[in-house]
Amino acid sequence: MGFMARLRGEEPGYLRKLYVQWTEGTGGLGEYLTEYALEHGGLGETAAVYRNLLVPRASGPTGTSEVDVLLLHERGLFVLESKNYDGWIFGSEGQAQWTQSLPGGRKERFYSPVLQNRAHVKALAARLALPESAFRSYIVFSERCELKEVPEDTAEFAICHRQNLLKVLRRDLESRDVIFGAEELARLRTELDALAQASTAEAREAHVEEARRVKAGEACPRCGGELVRRSGRYGDFMGCANYPKCKYTRGV
């Protein structure tokens, strides 16, 4: 796969991949490979690709939503969530937590990439003043994993291995009508370029810290506000500092 992909221009050389993995880690490598495939996949002159795009959002556990890779095309906006996992992958559309099954019987849980990308689309749609129907969600897994039980593709999302991404995407593009004219494409590029410019390394680090605090139980998972200890009729509890706007509570 690696040699043939380089012949088609869908994957960079070995040394470049090694450098990206060394500087950005395994997750960063997966995002880079997805970005590279889109940029070198011959998807047309209207295509523009963005990576690690921070999109402000009005509500949610963090102030921004981080999009792994985004493709702007005259036939729509394609939001790609990259998962560089190995092992067996299990999950359904309605499950909040999916499962990665590893050798030796070890299992790891991870947040549903379908729900994750749904939040990205919602933030982008609000920011760009577009209907969510203009977007298509792609969950792109590493070839190192096996998709044992995952949802079938729907009108909202597609799930595939990275080596099949361009084949699936080209088929998808052929089935879709052109929805953005030249003027609208120019507007969207201007908006997205501004978001890309604001998505600095420092801004991404702040986003990661916000997400870490939520995961560690230090911040409200609904709005990202500080959790403070309070006393109530039935004893002490942790409540969101943004009460009464946010009524999130949990046990101490």
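The values are calculated or read from the model by the stated rules, or taken from the named source; none is laboratory data. Predicted model, so just to flag it, every value in this text is computed and none were measured. Heads up, the Cβs are rebuilt from the backbone with ideal geometry, glycines too, and the neighbour counts pull from every protein chain shown.
The single condition from (1) small (Gly, Ala, Ser); (2) over 22 Å from HIS120 (Cβ atoms); (3) at pLDDT 95 or above that GLY44 fails is (3).
Restricting attention to segment 98-125, the residues being within 27 Å of VAL168 (Cα to Cα) and part of a helix (DSSP H, G or I) number 13.
Condition check: modelled with pLDDT of 95 or more, assigned to a helix (DSSP H, G or I) and not acidic (Asp, Glu). Does LEU72 satisfy that? Steps first, answer last, please.
Numbers: modelled with pLDDT of 95 or more: yes; assigned to a helix (DSSP H, G or I): no; not acidic (Asp, Glu): yes.
Criteria not met by LEU72.
Looking only at segment 143-161, residues that are crowded, with 18+ Cβ neighbours inside 10 Å and either in contact with a Pro (Cβ under 9 Å, 6 or more places away or on another chain) or modelled with pLDDT under 95 (or both) come to 2 in all. Residues of segment 222-244 include none that is among the polar types (S, T, N, Q), assigned by TED's automatic domain parsing to the domain that holds GLY76, over 17 Å from the mean Cα position of the chain (by Cα) and exposed (fewer than 12 other Cβ atoms within 10 Å of the Cβ). Of everything listed in (1) at pLDDT 95 or above; (2) closer than 19 Å to ARG162 by Cα, the single unmet condition for LEU54 is (2). Across segment 181-210, the number of residues qualifying as under 11 Å from GLU66 (Cβ atoms) and polar (S, T, N, Q) comes to 1. For segment 45-62, the candidate set comprises residues that are assigned to a loop (DSSP other than H, G, I, E, B) and of a type in the set (A, V, I, L, M); within that set, the residue that is surrounded by the most Cβ atoms within 10 Å (Cβ to Cβ) is ALA47.
The set of residues in segment 133-154 that are assigned to a helix (DSSP H, G or I) and touching a Gly at 6+ places or on another chain (Cβ under 8 Å) contains only ALA134.
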